[in-house]
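Laboratory data are not the source of any read-out in this text; all were calculated from the coordinates shown. This one's a predicted model, so the numbers in the text were calculated from it and none came from an experiment. Cβ placement follows ideal geometry from the backbone for every residue including glycine, while neighbour counts extend to all protein chains displayed.
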């Protein structure tokens, strides 16, 4: 049997757009004489639609879109992901399903069993879990059909679940397994995913056809990397990462196909994920141009390079906004970056605005000394100017704050935290340096001075980040254990970190949740990003 895998980039809820892509891929599979074409999880509507699932009209449009594919099924079998209604009065109203179309009919519907409800996933909010297990017969083959998370509980080893779908399906002696997936990207997840597929093959001694989604849906990024593995878990076909792809594999001749090697380097993976995240956020929102504040520092420089790659350098406007505290080399570094990228820029001095507003505040401020209020005022003047440019020209403002800063609240609400999308909000400061050096590995794009100089917000004379924060190497190590690894403060102290320092850092993280709650969506590239996948009370006390 010849099976086509279609790895596509969908737009949530854009049924006409998604159907056009799906039909085009079906035509391609028919021309390749494939017997069956497989699409990813919830391909018909895109993943994850979240509370669109609560709208009856949305579900009806999903159903109508599936029916629109029925005429094509006279020439080829179609296996596609879609929500379907639960006909029983008990339980949730919907299933997360894989629908098999053939000979103009829906010949089988398989529901997802394991519904992840952790991190960015909230499927049990919407779906009823499957409770019956039956392989699907198609052209003389018996197929075990699973959906994404269903293969992540091998032999009931995952304590979150009480059942392993494949342990039930394997009793019917399937010839192979097909998995429809929407598995999000993190810089380590593609390796974990391949290992899970391999372990399934080895445990059940059958080949697996694994079709993953690709593309960014706001903050969630899907990297593709669809797989076909033989019964020993050897990858026979490994499809492209961070782009759409199409492959046809004969289940009778596994071992004759060419493997596409994935990106091995962590920095390359993160770079490509962020570029795709920016590109899709703009394209799917109907925007083409970006604006950002370019300070001469490393964060804004890296954001500018990523945006130029995603959108084209001429579509990224950098606004330099020096104050009386800005150093001349910071302005020079920003100008050199724009020159290296051949990207447009504008210079707007903020001293006059700053002095004018301080004059207005004089009756209230009196003779109180210069402090964080004046620092934040400069950041908010810059945010105001950037938002004015965004409004006037229809550009999306890119937020340039990194994960370390967002973690400890080292940013100004309605100032440098403004933006439509936070590009580096899931990239620690130490990783910002690594990415910048990766970009400069062949030639200097980001001025070396932006990388080498001590980081500073330049909001007061001689200011350095380490006046307020621990060295980033130490800060990021503690943050990683607290945020990604979910370690308690005393667990982190037991690892060798100074207790007072750990308590100080954890306290900064906890009391700045209110800032992150108001932050722009953050492109997710790690296993635990701020925002949708990390839900912490704003008013709480834990330390």
Checklist entry - What spacing in nm lies between the two simple spin-label points modelled at residue 56 and residue 371, each 7 Å away from Cα in the Cβ direction? => result 5.8 nm
Checklist entry - Angle, helix 499-511 long axis vs. longest principal axis of the chain, Cα atoms, 0 to 90°, nearest 10? => result 80 degrees
Checklist outcome for this item: Expressed in µm² per second, the diffusion coefficient of the range 396-514 from the Stokes-Einstein equation, with Rh the Kirkwood radius over alpha carbon pairs, at 25 °C and 0.890 mPa s, is 158 µm²/s
Checklist entry - For labels at residue 157 and residue 414 in the simple 7 Å Cα→Cβ model, what's the distance in nm? => result 5.3 nm
Next on the checklist: For the chain, give me the percentage of DSSP beta bridges that are antiparallel, rounded to the nearest 5 percent.
Outcome noted: 55 percent
Item to check | Projected label distance in nm at residue 490 and residue 86, using a 7 Å step from Cα toward the beta-carbon | outcome: 4.1 nm
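If you take the beta carbon distance between residue 64 and residue 103 as r and set R0 to 22 Å, what does 1/(1 + (r/R0)^6) give as a FRET efficiency, to the nearest 0.05?
That pair, residue 64 with residue 103, gives E of 0.65.
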Next on the checklist: Neighbour counts of other C-beta atoms within 10 Å: give me 404, 356, 390, 240 arranged from fewest to most.
Outcome noted: 356, 240, 390, 404
Checklist entry - Which entry in (1) 1.02; (2) 1.06; (3) 0.96 matches Rg/Rh (Cα atoms, Kirkwood Rh) derived from the coordinates of this structure? => result (1)
Item to check | Pairs of Cα atoms farther than 22 Å apart, the range 2-262, % | outcome: 50 percent
Checklist outcome for this item: Packing-ranked peptide list from 69-76, 123-130, 175-182, highest mean Cβ count within 10 angstrom first, is 175-182, 123-130, 69-76
Checklist outcome for this item: The alpha-carbon center of the range 386-429 and that of the range 126-203 are separated, in whole Å, by 39 Å
Item to check | Extension gain, residue 332 back to residue 313 (0.36 nm per residue minus Cα-Cα distance, nm) | outcome: 5.0 nm
Next on the checklist: Can you compute the FRET efficiency between residue 392 and residue 463 using 1/(1 + (r/R0)^6), with r the Cβ-Cβ distance and R0 = 41 Å? Round to the nearest 0.05.
Outcome noted: 0.85
Next on the checklist: Taking the Cα of residue 265, stepping 7 Å toward and past its beta carbon, and measuring to each backbone N in the range 427-453: which are under 16 Å?
Outcome noted: 431-446
Checklist entry - Shape of the range 387-438 from its Cα gyration tensor (a ≥ b ≥ c, root eigenvalues): rounded if a/c is under 1.5, otherwise prolate when a/b > b/c, or oblate? => result oblate
Item to check | For q = 0.10, 0.22 Å⁻¹, Debye-computed log10 I/I(0) when each Cα of the range 122-246 counts as one equal scatterer | outcome: -0.31, -1.39
Item to check | Neighbour-count ranking [beta-carbon atoms within 10 angstrom, fewest first] of 467, 93 | outcome: 467, 93
Checklist entry - What 222 nm value per residue comes from the helices of the chain, counting each DSSP H run with n ≥ 4 as -39,500 (n - 2.57) and dividing by all residues, nearest 500 deg cm²/dmol? => result -11000 deg cm²/dmol
Checklist outcome for this item: At R0 = 22 Å the Cβ-Cβ FRET efficiency linking residue 192 and residue 244, nearest 0.05, sits at 0.45
Checklist entry - How would you classify the range 451-543 from its alpha-carbon gyration tensor, with a ≥ b ≥ c the square roots of the eigenvalues: rounded for a/c under 1.5, else prolate if a/b is greater than b/c, otherwise oblate? => result oblate
Checklist entry - Let a ≥ b ≥ c be the square roots of the eigenvalues of the Cα gyration tensor of the range 90-160; is it rounded (a/c under 1.5), or, if not, prolate (a/b larger than b/c) or oblate? => result oblate
Next on the checklist: For Cα pairs less than 8 Å apart in space and 6+ apart in sequence, what is the mean separation divided by the residue count of the chain, i.e. the relative contact order in percent?
Outcome noted: 11 percent
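So how do 348, 36 line up by other beta-carbon neighbours within 10 Å, fewest first? Before the final figure, lay out each step's value.
Working: 348 17, 36 24.
Least crowded to most crowded, the residues run 348, 36.
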